[in-house]
Amino acid sequence: MPEDWQQIRTALWKRCWAAIQDVQQKMNAPEPPGFERVLGLWLDLQRAMGTRGTHNHANRACIPWDCVDRSVSNAWDRLTAPENALALECLFYQMPEGQEMQVARAALQASRKRRDRGAFPQSVPI
């Protein structure tokens, strides 16, 4: 009986060790290409939305994809560029529940739509 128990223990240890290594490998996987750039664009959008109080139309609700503030709409266009879809997906999955997650979901959907129809912004540099 002790030999069987030792074999079971060894087999369990090997499985656990393999699972730990798998998790560590996934955690150390690099972010998708462009993630740092998209994170910067996300912060630009947040900054643009936060400085709206200095504009004449500060009373209006500002939804980034339908905002009259030019700085917000430009930041939204840069963020939702078609080539940002993969990095936006990664950003979306890292967001906490709430308004930021909803905005990230909308940005991801907008980026995918633009990618699918081949639309690139003409006036906003990326």
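Here are the numbers for this structure:
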{"read-out": "Subset of region 74-96 [of a type in the set (S, T, N, Q), free of Cβ contacts under 8 Å to residues at least 40 places away in the same chain and buried (at least 18 other Cβ atoms within 10 Å of the Cβ)]", "value": "Thr80"}
{"read-out": "The one condition in (1) at pLDDT 75 or above; (2) over 21 Å from Ala87 (Cα atoms) that Trp42 fails to fulfil", "value": "(2)"}
{"read-out": "Residue within region 77-85 that is assigned by TED's automatic domain parsing to the domain that holds Asp44 and not in a helix (DSSP H, G or I) present", "value": "yes"}
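The values are calculated or read from the model by the stated rules, or taken from the named source; none is laboratory data. Predicted model, so just to flag it, every value in this text is computed and none were measured. Cβ atoms come from the backbone with ideal geometry, glycine included; neighbour counts cover every protein chain shown.
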